Amino acid sequence: MGVIVGLEGGGTKTGCAVLSEQGELLAYAEGGPANLNFVDEATQRQSFETALNGALGGIDAPVRALGYRVAGTRANWDWVLQRLGNPLAFPIEEARMAMLSTGVAVAHGVAVIAGTGALIGGFVNDELKVQMSGWGALLGDEGSAYDVAMRAIRAAVRAWDGRDRQTALIEAVQRYFGVQDLHELIPLFYEQGVPRHTVAAFAQHVVDTARAGDTRAKIILRQAGEDLARDALACAACLFSRDDEFDVATTGGMFKSRIFRSAFQRAFEVLFPHAAFREPIMPPAAAAARAALNRLRAG
């Protein structure tokens, strides 16, 4: 008997899942970032190797199929396939993987991803019809963890020099980036450079600051959720009418924030009251493996 592997490389981490041919999750492991828009090829390869070695350690069954996807533009999949014994390989769209991760077998609706970056895809009867957002940190990704983090950092520096009201985000920035005077952020960001995934990880501290009661952090999360809903509504409006019933897969770390998630859902429900919101029940890499298994079974 063989196994099915799912490999998903994101802006912050890489996931690898191993399924049995019966669909049982046998192993899961993670590596580092893999988006070549923001890391080099050596880093991507190390991230893949870490995830693959962690998930496949102790499994000696042959790999029958690979479901794969990476954020950004490309990856060198040849060495991955050689590493796995050249199994059948199936590229999986990011939006489809998001839908599958919520347990939806036939995609009909809108998949919304708010992780390190952001992406929105619209499906009708399992066919991907529309894709929006996903422009990356410099050109878009509204509602992503990177976007939330940058909004919070900007709010902190505005408060620091008196252009806005005081906020606990100042202390959060000081702790996270290891600075006392926020002017120290200038050489840190412009001369040394802060990796995108490091910036995006600060979003969790924004969530924590909001949970502790900070008004500015709450506003940032609410506005980001509403902005993402606006974009998701644009996608839904291309495919569905107000009275239609369809799924909305809400995936990615930002949806773990109650404030962010509630703001998104409230804004979306105004125009599509019959939408069914679905949350992930498996990691994206497991969804990629499951998609590969389905295609293997279909012949």
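Of note:
- The residues of the chain expose, per residue, 46 Å² of accessible area to a 1.4 Å probe.
- Bridges between two residues of the chain, per DSSP, are antiparallel at a rate of about 55%.
- Beta-bridge orientation, the stretch 1-141: approximately 70 percent antiparallel, per DSSP, counting only bridges with both partners inside.
- Global geometry of the stretch 239-292, whether rounded, prolate or oblate, following the gyration tensor of its Cα atoms and the 1.5 cut on a/c: oblate
- Solvent exposure of Arg242, expressed as accessible area, is near 120 Å², computed with a probe of 1.4 Å over the protein chains only.
- Counting only heavy atoms of the protein chains and using a 1.4 Å probe, Lys129 has close to 110 Å² of accessible surface.
- Unit charges on C-beta of K, R, D, E only; dipole of the chain, Debye: 340 debye
- Full extension of the segment from Asp60 to Glu245, taken as 0.36 nm per residue of separation minus the current Cα-Cα distance, would add 62.1 nm.
- Using distinct alpha-carbon pairs, which all enter the 1/r mean, Kirkwood radius of the stretch 1-116 in Å: 14.5 Å
- C-alpha long axis of helix 215-239 to longest principal axis of the chain, angle in °: 40 degrees
- Each Lys and Arg adds +1 at its Cβ and each Asp and Glu adds -1 at its Cβ; summed about the Cα centre, the stretch 45-189 shows a dipole of about 60 debye.
- Mean separation of Cα pairs under 8 Å and 6 or more residues apart, divided by the residue count, gives the chain a relative contact order of 22 percent.
- Global geometry of the chain, whether rounded, prolate or oblate, following the gyration tensor of its Cα atoms and the 1.5 cut on a/c: oblate
- Whole-Hz ³J(HN,Hα) from phi, Karplus 6.51 cos²θ - 1.76 cosθ + 1.60, for the stretch 206-213, glycine and proline x: 5, 4, 5, 5, 5, 5, 7, x
- Modelled label positions at Glu127 and Glu171, each set 7 Å beyond Cα in the direction of Cβ, lie 5.6 nm from each other.
- Peptides ranked, highest mean first, by Cβ atoms within 10 Å: ranges 188-195, 135-142: 135-142, 188-195
- Calculated SAXS-style log₁₀ I(q)/I(0) at q = 0.15 Å⁻¹ - the stretch 111-207, Debye, Cα scatterers: -0.64
- Note: relative contact order over the stretch 1-64, using C-alpha pairs below 8 Å and six or more positions apart, is 35 percent.
- Taking every DSSP beta bridge that has both ends in the stretch 61-212, the antiparallel portion is near 75%.
- Here each label is just a point 7 Å from Cα along the line to Cβ, and for Arg258 and Ala234 those points are 3.1 nm apart.
The values are calculated or read from the model by the stated rules, or taken from the named source; none is laboratory data. Owing to the predicted nature of the structure, the values given are computational and were not obtained by experimental measurement. Ideal geometry is used to build each Cβ from the backbone, glycine not excepted, and the neighbour counts take in all protein chains shown. Each accessible area value is taken on the protein alone, full model and side chains, heavy atoms only, with ligands, DNA and RNA left out. Shrake-Rupley method; radii C 1.70, N 1.55, O 1.52, S 1.80 Å.
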